[in-house]
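Novice: Below are the structure tokens for one structure; questions will follow.
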Amino acid sequence: MSYQHQWLDGSQINLPVGKAVCVGRNYAAHAKELGNVVPDAPILFIKPSTSIVPLSPSFSIPSDRGSCHHETEIAVLIGQTISKISVEDVPAAIAGYGLALDLTLRDLQNQLKKQGYPWEVAKAFDGACPLSPFIKPEQFGDVYHTEFALTVNGEQRQRGLTEDMITPVYELITYISQIFTLEAGDIVLTGTPEGVAPLAAGDKLVLSVVGQRFETVVV
Ligand code: ZN
């Protein structure tokens, strides 16, 4: 694996690449677009470190397993090992913020959900988590009031406002840490807003957050 966590200026972050703990249905409008009910507690799943690849300059999608959807999400880089942490202690454990694509083989996921089977083959495959460089927390600003967006071939597909999260970032990390120890170098994906749709080879994507633009191409 050639992926290493990086800062915006391309310098390497001195943290290992760990797992990605992800939340499903953290934006009510997205739960609704897929015909899902809004859950009482966060729905968690994990993508392994082997699913993480650089977002730019390009990434690939499986071509033989049905539709592959983009889910644009705020990614939080964990800077120190935390377990059963309180909300007040979360900010000190965050090393940076970036954007991730939670790539999802939607046809396969729908089939697995219908059969009551786990989702991993639809969400945890090699390359299923393209990840941007990270922005330091002081530069990122207030993660409770952050806008982010995805355009595909010049057309806006997704726009998220973190104030619409059902479980906000610090509370989400607190909840996750009751169940899974988060280690330095792990990331947390905080859920996708509405507008998920299939990707195709050749699509040109621009992901943006706090004045930063990450351009990439599907190959
Ligand atoms: Zn997602």
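The values are calculated or read from the model by the stated rules, or taken from the named source; none is laboratory data. Not measured: the values here are computed from a predicted model. So basically every Cβ, Gly included, is an ideal-geometry build from the backbone, and we count neighbours across all protein chains shown. Side chains included, ligands, DNA and RNA excluded: accessible areas come from the protein's heavy atoms. Shrake-Rupley method; radii C 1.70, N 1.55, O 1.52, S 1.80 Å.
Novice: Does Val17 satisfy the criteria of being at pLDDT 95 or above and either assigned to a loop (DSSP other than H, G, I, E, B) or more than 12 Å from the ligand (Cβ to nearest atom) (or both)?
Specialist: When the stated conditions are applied, Val17 passes them.
Novice: Just to be sure before I move on: is Leu105 without any contact (Cβ under 8 Å) to a residue 60 or more places away in the chain, within 16 Å of the ligand (Cβ to nearest atom) and either open to solvent by less than 10 Å² (accessible area, probe 1.4 Å) or aromatic (Phe, Trp, Tyr) (or both) in the structure I sent?
Specialist: yes
Novice: What pairs come out if I take residues in the stretch 117-132 that are aromatic (Phe, Trp, Tyr) and pair them with residues that are within 13 Å of the ligand (Cβ to nearest atom) whose C-beta lies under 7 Å away, six or more apart or interchain?
Specialist: Matching pairs, first to second residue: Trp119/Phe45; Trp119/Gln109; Phe125/Ser51.
Novice: Could you please find all residues in the stretch 26-41 being of a type outside the set (A, V, I, L, M, F, W, C) and either surrounded by fewer than 19 Cβ atoms within 10 Å (Cβ to Cβ) or more than 12 Å from the ligand (Cβ to nearest atom) (or both)?
Specialist: Lys32, Glu33, Gly35, Asn36, Pro39, Asp40
Novice: Select from the stretch 135-157 the residues that are closer than 28 Å to Ala200 by Cβ, of a type outside the set (Val, Ile, Thr) and in contact (Cβ under 8 Å) with a residue 60 or more places away in the chain and list them in ascending order.
Specialist: Within the stretch 135-157, Glu147, Phe148, Ala149, Leu150, Arg157 qualify.
Novice: Of all residues in the stretch 42-63, which are open to solvent by 50 Å² or more (accessible area, probe 1.4 Å) and aliphatic (A, V, I, L, M)?
Specialist: The answer is Ile46, and nothing else.
Novice: Can you report the number of residues in the stretch 78-94 which are in contact (Cβ under 8 Å) with a residue 40 or more places away in the chain and farther than 11 Å from Ile173 by Cα?
Specialist: 3
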